[in-house]
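No lab work stands behind these numbers, since they all come straight from the coordinates. Predicted, not measured: the structure shown is a model, and the values here were computed from it. Neighbour counts run over all protein chains shown; Cβ positions are idealised from the backbone, glycine included.
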Amino acid sequence: CWVCLAIVASAVHNGQGYSNIEQFSASLDMPCMSNPTYQKLHKEVGENMKCIAWDANEEAAKEEAKIAYENGDISKDGIPMISVVVDGAWSKRSYRSNYNAYLAW
């Protein structure tokens, strides 16, 4: 069911899960898909997102390699040297615990 797939994709995109879909369906007085159906579709959405992300990263890497070649940023072995910029900002979250995503080098 493409509608169910779209509902699951929307929930994943918004950081929600099955219980949110149940609540939303109830508020609309609409039947809700079963949890096993949600889990199956959630897996499908995840696999699709993984493929899309991989393709986008691959395309970006090719573009960066092309730019490196054009700029002459190549190692002695002919490998393009791609600059990576990191802002060093790490999130701090707390869900009743002291969580810090900071990674010390």
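Apply the Kirkwood formula to segment 22-75: the hydrodynamic radius equals the inverse of the mean of 1/r over all pairs of different alpha-carbon atoms; give it in Å with one decimal.
Numbers: mean 1/r = 0.0682 Å⁻¹.
One over the average 1/r among Cα pairs gives 14.7 Å for segment 22-75.
Taking 1 over the mean of 1/r across every pair of different Cα atoms in segment 1-94, what Kirkwood radius in Å do you get?
Working: mean 1/r = 0.0589 Å⁻¹.
Result for segment 1-94, one decimal place: 17.0 Å.
Take residue 6 and residue 73, extend 7 Å from each Cα along the Cα→Cβ direction, and tell me the distance between the two endpoints in nm.
Taking the two extended label points, one gets 4.2 nm.
Would you pull out the residues with amide H under 5 Å of residue 74's amide H, same chain only if 5 or more places away, H placed 1.01 Å from N?
81
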